[in-house]
Amino acid sequence: MAILVTGGAGYIGSHTVLALLQRGDDVVVLDNLCNASREAINRVEKLAGKKATFVEGDIRDRACLRDLFASNSISAVIHFAALKAVGESTRMPLEYYENNVAGTVVLLEEMRDAGVWNFIFSSSATVYGADAPVPYVETTPIGGTTSPYGTSKLMTEFVMRDFAKAEPKFKAIALRYFNPVGAHESGEIGEDPAGIPNNLLPYIAQVAIGRLEKLGVFGGDYDTPDGTCLRDYIHVVDLAEGHLKALDYLSKVEGYTAFNLGGGKGVSVLEMIKAFEKASGKAIPFEIKPRRDGDLPAFWADASLANTTLDWRVTRGIDEMMRDTWNWQSKNPDGFR
Ligand code: NAD
Ligand code: UDP
């Protein structure tokens, strides 16, 4: 039996595929490469000393899914494939709902037809919406999302919830990620954003290698200790390990359930800059800019449910996040290209 990983050539997917292969699981990767490189999987296979089956295809392509389920024995699906740029989603909402929500519905229909009932979904802290009290805890009702991207994650959780109510065989876990950063410690795989990065750490890393001149810090007047936003950054390898724990827990799940995957601590933008400078020995020039639309001042996870139920917790701190980001970026100044 193999695990199907959709979006497995992407940033979080590739780290998870590596962790699965390293513990001996068989893996089938389905990715349309709209935001990833085949090279990521080549490197994962080299690191693991084991091959994955790679299918270049789209989760919305029924014929492709049917063929994949017919020719591989799949025990569970880890579903990463999605579009993920918050700003772009406000300009292209239909593309986001079509890819992320309608695409997931097609995937679930084909899973049902193939008799595959185990499902792990990449959700996001953004499903808690703008007004949730911090730290975010799973008992807080989700909703109040502020972008089509966030709403696509919320809607997909509702699809999972409702399907699980109707189909007792369906077992589903939504993992609500906080802010994934870092890279595998080998420096062979990492985050490789197309164009100018939207996210903080890839932007900082590209300033450090000289591809970008200066970081803009979005807002210096928030009601936080140093005036900049607080986020709960989580090392991508810790996050990947969370998927393995969730996979092991699926057999005990009744229907649909959700877990926060975060470290439980808020770190400011200025603290991130300082930590990166320490790890890389590079100065990061920055300038305080106006607040970015839609940014929340501060949020972090209450991860105690994942700690106790999944027996999962973060083991890598900010120093490791920065060290591994810099190792990846300096070894691969042009990413996978
Ligand atoms: P990523 O863009 O690196 O990975 C997504 C992968 O899915 C890419 O390889 C892309 O080519 C593929 N893909 C997209 N649409 C597809 C489709 N229709 N069919 C097949 N493949 C498709 O992104 P990531 O950062 O690794 O994120 C993985 C998942 O985690 C996404 O669902 C994302 O929304 C979610 N998530 C990410 C973050 C984050 O900050 N990175 C935070 C919370 C949740
Ligand atoms: N940020 C910033 N400059 C950038 C990118 C991000 O100051 O070029 C800040 C952003 O305002 C937020 C934090 O860094 O407070 C994390 O942003 P990111 O986009 O990485 O993640 P988000 O929490 O928005 O998903």
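Using beta carbons and a limit of 6 Å, which pairs, at least six apart or on different chains, have the first residue in region 15-32 and over 17 Å from VAL237 (Cβ atoms) and modelled with pLDDT of 95 or more and the second one part of a loop (DSSP other than H, G, I, E, B) and not basic (Lys, Arg)?
Short answer, once both residue conditions are applied: VAL28/ASN72; VAL29/GLY8; VAL29/ALA52; LEU30/GLY57; ASP31/GLY7; ASP31/GLY8; ASP31/ALA9; ASN32/ASP58.
Matching residues to (1) closer than 20 Å to ALA9 by Cα; (2) aliphatic (A, V, I, L, M); (3) more than 10 Å from ligand 1 (Cβ to nearest atom); (4) in a loop (DSSP other than H, G, I, E, B):
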{"residue": "LYS169", "(1), (2), (3), (4)": "no, no, yes, yes"}
{"residue": "ALA172", "(1), (2), (3), (4)": "no, yes, yes, no"}
{"residue": "LEU175", "(1), (2), (3), (4)": "yes, yes, no, no"}
{"residue": "HIS184", "(1), (2), (3), (4)": "yes, no, yes, yes"}
{"residue": "GLY187", "(1), (2), (3), (4)": "yes, no, yes, yes"}
{"residue": "GLY190", "(1), (2), (3), (4)": "yes, no, yes, yes"}
{"residue": "ASN198", "(1), (2), (3), (4)": "yes, no, no, yes"}
{"residue": "TYR203", "(1), (2), (3), (4)": "no, no, yes, no"}
{"residue": "ARG211", "(1), (2), (3), (4)": "no, no, yes, yes"}
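Go through ALA194, ALA240 for me and flag whichever is buried (at least 20 other Cβ atoms within 10 Å of the Cβ), under 26 Å from TYR149 (Cβ atoms), within 15 Å of ligand 1 (Cβ to nearest atom) and touching a residue at least 12 places away in the same chain (Cβ under 8 Å).
ALA240
Cβ-Cβ under 9 Å, sequence separation 6+ or interchain: first residue in region 269-295 and part of a loop (DSSP other than H, G, I, E, B), partner of a type in the set (D, E, K, R). Which pairs?
ALA283/GLU277; ILE284/LYS214; ILE284/LYS274; ILE284/GLU277; PRO285/GLU213; PRO285/LYS214; ARG291/ASP221
Yes or no: GLU138 in contact with a helix residue (DSSP H, G or I) (Cβ under 9 Å, 6 or more places away or on another chain) and either among the charged types (D, E, K, R) or more than 16 Å from ligand 2 (Cβ to nearest atom) (or both)?
It is true that GLU138 is in contact with a helix residue (DSSP H, G or I) (Cβ under 9 Å, 6 or more places away or on another chain) and either among the charged types (D, E, K, R) or more than 16 Å from ligand 2 (Cβ to nearest atom) (or both).
Take GLU157 and tell me if it is among the acidic types (Asp, Glu) and within 15 Å of ligand 2 (Cβ to nearest atom).
Here the answer is no, as GLU157 does not meet what is asked.
Return a yes/no flag: does region 164-175 have any residue that is modelled with pLDDT of 95 or more, surrounded by fewer than 20 Cβ atoms within 10 Å (Cβ to Cβ) and in contact with a helix residue (DSSP H, G or I) (Cβ under 6 Å, 6 or more places away or on another chain).
No, every residue in region 164-175 fails to be modelled with pLDDT of 95 or more, surrounded by fewer than 20 Cβ atoms within 10 Å (Cβ to Cβ) and in contact with a helix residue (DSSP H, G or I) (Cβ under 6 Å, 6 or more places away or on another chain).
Looking only at region 19-42, how many residues end up being charged (D, E, K, R) and either crowded, with 18+ Cβ neighbours inside 10 Å or within 21 Å of ARG60 (Cβ to Cβ) (or both)?
The qualifying residues number 3.
Being over 20 Å from ASN198 (Cα atoms) and touching a strand residue (DSSP E or B) at 6+ places or on another chain (Cβ under 7 Å) is true for just one of GLY263, GLY317. Which residue is that?
GLY263
Can you name the residue in region 109-144 that is within 21 Å of ALA303 (Cβ to Cβ) and polar (S, T, N, Q) and is also surrounded by the fewest Cβ atoms within 10 Å (Cβ to Cβ) among such residues?
By that ranking, first place goes to THR139.
The values are calculated or read from the model by the stated rules, or taken from the named source; none is laboratory data. Nothing here was measured: the structure is a model prediction, and the numbers come from that model. Note that each Cβ is placed from the backbone with ideal geometry, even for glycine, and that neighbours are counted across all protein chains shown.
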